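Reading through the structure tokens given below for one structure.
No lab work stands behind these numbers, since they all come straight from the coordinates. This one's a predicted model, so the numbers in the text were calculated from it and none came from an experiment. For neighbour counting, all protein chains shown are included, and Cβ atoms are generated from backbone atoms with ideal geometry for every residue, glycine included.
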Amino acid sequence: ELNEILESFYAMVSDDDIREYQRYVESVSDRKIAEGAVQPISKAPDFELVDQDEDIVRLSELLQDGPVVCVFYRGSWCPHCNAVIMNLQRVLEKIKDKGASLVAISPMLPDGTHYLATKRSLNFPVCSDVGNVVARKFRLTFEILADLRETFLKWGDDIPLHNGDDSWEIPLPATYIIDTNGDVVWSFVDNDPGVRAEPEDILAAIPQRDDFSAKLKSDEFSADMKSDSDSLEFERCKGTCKGKNFFNRRHLSSTFKKNVKKVFGKKKQPPQEFIPGYLLRS
């Protein structure tokens, strides 16, 4: 669906707009933000934010009821992000059926968050991370370069107006799955800001009741790690993965192959995105 939206809007915009957007994508990708972002297996930074209903949302409290799918998005000014949020609304019941909850986070002011959640009839917390406090803890933030800001304003995307500050700082889109121990067990973060996790991959990665991080800490896993003939080595992807936060798998034991397949998602979207905000406001 995201690819169809992309193709439709490429046909509506000028070549100059496309070139400017590609320059923006390159400026973000070159910073290699994904390599430094929070990744599995590590503790998720706790947070306390206000949602669209002015309720306090605490990660620690959500985790008492099950795993949490945590999605960082840029804001309601980004139609691509809106499409992602709506796709997640469509699979919300499936997320709940797996015992998990969903929370979306953006740096928009509360008024913008309320507008988005109300207009899109969202039935999960959509939180305002004013000042990108939480996004910074996940090490996802960057500032739009000064020489690109006039282009964003031309598109109708006034980031300081939406976020209530003058920083032009936004998060790299990201999806995290956090188990009940507070561990990040799966993440999807790409240096290309136009790439998103597929809903079916998110669903497949939600841990079962015997969650993945518990297995990592088990005696069976430790014994397997010590085996010379059947070792497990995790290392960061370089080059081919474009900075997504998942690991390469080599010499996986048969005991853990099945579990690892549940945890690591796939990149399916192409590395492009161009939907100027001024073209889609519905």
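Which order, highest average first, do 87-96, 193-202 follow once you tally other Cβ atoms within 10 Å for each residue and take the mean per peptide?
On the way: 87-96: 15.6, 193-202: 21.5.
By packing density, highest mean first, the sequence is 193-202, 87-96.
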*12 Å cut-off, amide nitrogen to a point 7 angstrom out along Ser8 Cα→Cβ, residues in segment 76-112*: 80, 83
_Compute the distance from the alpha-carbon center of segment 58-82 to that of segment 131-190, in whole Å._
13 Å
*Which is farthest toward the positive dipole end of segment 1-112 among Val68, Leu88, Leu102, measuring Cα position about the Cα centre, with Cβ charges +1 (Lys, Arg) and -1 (Asp, Glu)?*
Val68
*asked:* For a test of the definition: using alpha carbon positions, the gyration tensor, and the 1.5 limit on a/c, classify segment 1-117 as rounded, prolate or oblate.
replied: prolate
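Please compare each pair in Lys43/Lys94; Lys96/Lys154; Lys98/Lys137; Lys94/Lys137 to a cut-off of 32 Å on the Cα-Cα distance and tell me which ones are over it.
Lys96/Lys154
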*asked:* Show me the ranking of peptides 24-34, 173-183 by mean Cβ neighbours inside 10 Å, starting with the highest.
replied: 173-183, 24-34
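Sort 97-107, 135-145, 49-59 for me by packing, meaning the mean count of neighbouring Cβ atoms within 10 Å per residue, highest on top. Can you show the working numbers first?
Values: 97-107: 21.3, 135-145: 18.5, 49-59: 15.8.
So the order, starting with the most tightly packed, is 97-107, 135-145, 49-59.
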